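Colleague: The following block contains the structure, expressed as structure tokens.
Bear in mind these aren't lab numbers, they're just calculated from the coordinates by the rules spelled out. All values reported here derive from a predicted model rather than from experimental measurement. All Cβ positions, even for glycine, are placed from backbone atoms using ideal geometry, and neighbour counts span all protein chains on display.
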Amino acid sequence: MTAEVRDEPARSRYEARVDGVLAGIAAYTRADGVITFTHTVVEEAFEGQGVGGDLARTALDAARADHLAVVPRCSFIAGWIDRHPDYADLVAVG
């Protein structure tokens, strides 16, 4: 299953939907060329189905496209980056 993931800037979060149903979110703050991921939640009915990965990949690909440094305060996003080292270059140093 692949979730449809969209940025919802008015809500400061990426939303993943499966068949129109909200399946998960990745909350963030954004300022001065940095996006900080603060919290990721996948609804219980969608756990283990790749929704979190779809959220992470889409959000991080967008950060790369927008030339944003990433601060992964959310343990899910931090762990996802650890498992996908091709995204490690996005992480803000310092």
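Colleague: Arrange the peptides 67-75, 35-43 so that the one whose residues have, on average, the most other Cβ atoms within 10 Å appears first.
Modeller: 35-43, 67-75
Colleague: Can you give me the long-range amide H partners of R73? Hydrogens built in the peptide plane at 1.01 Å from N, cutoff under 5 Å, separation of 5 or more residues or another chain.
Modeller: Placed amide hydrogens put F37 under 5 Å from R73.
Colleague: Gain in length, S12 to E44, computed as 0.36 nm per residue apart minus the alpha-carbon separation, to one decimal in nm?
Modeller: 9.3 nm
Colleague: Moving to a separate point now. Collect residues whose amide H, placed 1.01 Å from N in the peptide plane, falls under 5 Å from the amide H of G24; neighbours closer than 5 in sequence don't count.
Modeller: A16, E43
Colleague: Taking θ = phi - 60°, what integer Hz values does the Karplus form 6.51 cos²θ - 1.76 cosθ + 1.60 yield along region 79-93, in sequence order, with x for Gly and Pro?
Modeller: Taking θ as phi minus 60°, the curve returns x, 5, 4, 4, 7, 10, x, 5, 9, 4, 5, 6, 5, 5, 8 Hz for region 79-93.
Colleague: For each of E8, E44, count neighbouring Cβ atoms within 10 Å of the residue's Cβ, then give the residues from fewest to most.
Modeller: Going from least to most buried by this count: E44, E8.
Colleague: Still on this structure, I have one more. With an 8 Å Cα cut-off and a minimum separation of 6 or more residues, compute the relative contact order for the chain in percent.
Modeller: Worked out over the chain, it gives 24 percent.
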